[in-house]
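Everything below concerns the one structure shown next.
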Amino acid sequence: MSETHASTEDQSEPGLYEIRIKGHLDDWWSDWFDGLTITLEEDGNTLLTGPVVDQAALHGLLKKVRDLGMPLLSINFVKPGQTKTQEDIL
């Protein structure tokens, strides 16, 4: 039988996520996306950024993206102290 090891990261802390979708959203969508910050990118995409308490909450956010009918481009977990820009990804 194989052993399963738990992660050493603190599971009680919310993770910071970046969710990139194709198309622009208005700022008022922030409430619908549980207070995530909405950044409109010059390439026509929208970046949603903010803490997500757990995987269930992340899946809930992804369902909302699906319900909007906007293509999901990427999901990134941002480690504490790490910031990403689109230039870092390219």
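Brief remarks follow.
Okay, residues lined up against (1) in contact with a strand residue (DSSP E or B) (Cβ under 9 Å, 6 or more places away or on another chain); (2) in a loop (DSSP other than H, G, I, E, B); (3) at pLDDT 95 or above; (4) over 16 Å from F77 (Cα atoms):
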position	(1), (2), (3), (4)
A6	no, yes, no, yes
Y17	yes, no, yes, no
W29	yes, no, no, yes
D43	no, yes, yes, yes
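- Unmet requirement for E41, which otherwise passes all of (1) surrounded by 15 or more Cβ atoms within 10 Å (Cβ to Cβ); (2) touching a helix residue (DSSP H, G or I) at 6+ places or on another chain (Cβ under 8 Å): (1)
- In the set L25, L68, L36, L47, only one residue is within 9 Å of the chain's Cα centre (by Cα) and at pLDDT below 95; that residue is L36.
- Across the range 44-62, the number of residues qualifying as buried (at least 17 other Cβ atoms within 10 Å of the Cβ) and farther than 22 Å from P80 by Cβ comes to 2.
- In the range 1-29, the residues that are closer than 30 Å to L68 by Cβ reach residues that are in a loop (DSSP other than H, G, I, E, B) and at pLDDT 55 or above with C-beta atoms within less than 7 angstrom, at least six apart or across chains, in these pairs: P14/V53; I21/M70; I21/P71; K22/M70; K22/P71; G23/G44; G23/M70; H24/G44.
The values are calculated or read from the model by the stated rules, or taken from the named source; none is laboratory data. Nothing here was measured: the structure is a model prediction, and the numbers come from that model. Glycine gets a Cβ as well: all are built from the backbone with ideal geometry, and neighbour counts include every protein chain shown.
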